[in-house]
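Chemist: This is the structure, below, for whatever I ask next.
The values are calculated or read from the model by the stated rules, or taken from the named source; none is laboratory data. What you see is a predicted model, and the numbers here were worked out from it, not measured in a lab. As a convention, Cβ positions derive from the backbone with ideal geometry for all residues, glycine included, and neighbour counts pool all protein chains shown. In case anyone asks, the SASA skips ligands and DNA or RNA and just uses the protein heavy atoms, side chains included. Shrake-Rupley method; radii C 1.70, N 1.55, O 1.52, S 1.80 Å.
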Amino acid sequence: MASATFPLAPRARPIVTLTVNPALDISTSTAQVITDHKMRCGSSRIDPGGGGVNVARTIQSLGGDALAIYAAGGLTGATYRQLLEAENVPSLVVPIAGTTRESFTVDEGASGAQFRFVLQGPEFTEAEWRRCLAALEEAIVPGGYVVASGSLPPGVPADFYAQVARLAHQRGARSIIDTSGEALTAALAEGVYLVKPSLRELSELVGRELTTEQSEVDAAAELVARGSAQLVALTLGDQGAVLASTAGVIRLPVPHVQVQSAVGAGDAFLGAFVWRLSQGRDPESAFRSAVCAGSATAAKPATEMCAIAEVEALEKLLPVATRYEL
């Protein structure tokens with residue numbers, strides 16, 4: 001297990017991210033996607049991707065610091081590590097026997113559509129996923145933030161993120177979980193500080209369809225009332241985002257940008273949110289930065305992260321948040 005220094009921005013609370021299923025993101029373009037045809041592609045780009053790592057990359061791009069803990073193995077794992085080191089993201093690698101997965105994105109020139117192919121990742125042994133937890137436990141700083149994000153690869157139990165949340169609580173840190181399915185349900189049963197569901201994920205969590213603006217607001221507030229999360233950030237793509245807390249529920253639109261790639265936009269949203277919180281910003285202020293970071297990253301190619309100047313410029317364009325009566 002490799003060690004790394006962990007520089008902290010002045011007055012910022014420490015942030016640690018965990019990614020057990022990172023992906024080497026390959027992106028390219030072709031004129032048209034046609035069944036059973038050999039499609040010639042344009043230039044390609046490779047980025048180190050995966051939920052928690054992208055969160056850490058966003059924080060680094062915005063001028064902050066976060067320690068990215070991730071599992072990696074095989075030739076793609078070695079390439080992944082080199083790419084992340086080139087970006088100067090503080091990191092700690094948990095070696096695994098399997099090969100780090102790849103994800104493949106193709107932009108179709110004829111339609112402007114984006115096709116995303118996401119592989120499931122290598123199978124973990126119990127010893128490997130337990131080493132990930134052990135590395136995290138050692139890195140958690142009381143009073144800081146723990147961000148566990150992304151899918152779980154085969155072999156990792158569904159309650160893995162619940163165990164992450166438990167470790168954070170025991171160490172006096174705030175846990176932030178961004179995943180889906182059984183892993184998300186188990187984590188919320190444990191209780192977390194912040195969760196970022198999509199509309200589909202929120203619908204599954206509350207057990208009903210969410211077809212109106214009020215139903216979305218009520219569902220987000222319900223998770224807070226249950227004690228599942230102190231903050232619920234519902235992301236709605238081009239329809240904006242909703243933030244629910246004990247202080248109430250607010251909604252923001254997304255600023256208009258020319259979208260190039262949706263890959264990593266949700267991670268950028270989360271990265272900016274946590275970074276602002278670590279600086280002592282209140283949740284509403286952090287939420288504004290998050291919405292703008294997601295949009296700024298969507299305007300970038302492949303999995304390139306946004307810059308602080310871009311986020312601050314978009315923040316100036318946002319209106320005052322809409323507030324809801326519950």
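Chemist: If I filter the stretch 275-283 for residues that are at pLDDT 95 or above, in a helix (DSSP H, G or I), open to solvent by 10 Å² or more (accessible area, probe 1.4 Å) and among the acidic types (D, E), do I get at least one hit?
Modeler: Checked against the condition, which is being at pLDDT 95 or above, in a helix (DSSP H, G or I), open to solvent by 10 Å² or more (accessible area, probe 1.4 Å) and among the acidic types (D, E), the stretch 275-283 yields no hits at all.
Chemist: Now, a different point. Got a sec? Which of F287, F269 is touching a Phe, Trp or Tyr at 6+ places or on another chain (Cβ under 8 Å), closer than 16 Å to P197 by Cβ and assigned to a helix (DSSP H, G or I)?
Modeler: F287
Chemist: Give me a count of the residues in the stretch 118-151 that are in a loop (DSSP other than H, G, I, E, B), closer than 24 Å to P90 by Cα and open to solvent by 40 Å² or more (accessible area, probe 1.4 Å).
Modeler: Residues meeting the conditions: 3.
Chemist: Can we say E108 is free of Cβ contacts under 8 Å to residues at least 60 places away in the same chain and on the phi < 0 side of the Ramachandran plot?
Modeler: For E108, the condition - free of Cβ contacts under 8 Å to residues at least 60 places away in the same chain and on the phi < 0 side of the Ramachandran plot - is not met.
Chemist: In the stretch 234-259, which residue that is within 12 Å of L199 (Cα to Cα) and among the small types (G, A, S) is surrounded by the most Cβ atoms within 10 Å (Cβ to Cβ)?
Modeler: In this case the residue turns out to be A241.
Chemist: Another question about this same structure. Check off (1) surrounded by fewer than 24 Cβ atoms within 10 Å (Cβ to Cβ); (2) outside any helix (DSSP H, G or I); (3) out of contact with any Cys (no Cβ under 8 Å at 6 or more places or on another chain); (4) touching a residue at least 40 places away in the same chain (Cβ under 8 Å) for L231 and give me the number that stays unchecked.
Modeler: Status for L231: all satisfied but (1).
Chemist: Consider L167 carefully, then state whether it is open to solvent by less than 20 Å² (accessible area, probe 1.4 Å), without any contact (Cβ under 8 Å) to a residue 40 or more places away in the chain and outside any loop (DSSP other than H, G, I, E, B).
Modeler: So L167 does not fit the description; no.
Chemist: Could you check the stretch 118-131 and list, in sequence order, the residues that are under 18 Å from the mean Cα position of the chain (by Cα) and of a type in the set (A, V, I, L, M, F, W, C)?
Modeler: Within the stretch 118-131, V118, L119 qualify.
Chemist: I would also like to ask the following. So is E312 open to solvent by 30 Å² or more (accessible area, probe 1.4 Å), in a helix (DSSP H, G or I) and under 17 Å from Y193 (Cα atoms) or not?
Modeler: Considered against the rule, which asks whether it is open to solvent by 30 Å² or more (accessible area, probe 1.4 Å), in a helix (DSSP H, G or I) and under 17 Å from Y193 (Cα atoms), E312 comes out as no.
Chemist: Has the stretch 96-110 got any residue that is touching a strand residue (DSSP E or B) at 6+ places or on another chain (Cβ under 9 Å), small (G, A, S) and buried (at least 23 other Cβ atoms within 10 Å of the Cβ)?
Modeler: No.
Chemist: Give me the pairs, please: first residue somewhere in the stretch 191-216 and open to solvent by 60 Å² or more (accessible area, probe 1.4 Å), second residue anywhere and in a helix (DSSP H, G or I), beta-carbon distance under 7 Å, and either six or more positions apart or on two chains.
Modeler: Final answer for the pair search is E209/S203.
Chemist: Could you run through the stretch 250-283 and say how many residues are closer than 14 Å to L314 by Cα and of a type in the set (S, T, N, Q)?
Modeler: Residues in the stretch 250-283 being closer than 14 Å to L314 by Cα and of a type in the set (S, T, N, Q): 1 in total.
Chemist: Being in a loop (DSSP other than H, G, I, E, B) and small (G, A, S) narrows it down to one of A97, A68, A78, so name that one.
Modeler: Only one candidate passes the filter, namely A97.
Chemist: Within the stretch 117-161, which residues are without any contact (Cβ under 8 Å) to a residue 60 or more places away in the chain, under 22 Å from A66 (Cβ atoms) and touching a Ser or Thr at 6+ places or on another chain (Cβ under 9 Å)?
Modeler: Matches in the stretch 117-161: Y161 only.
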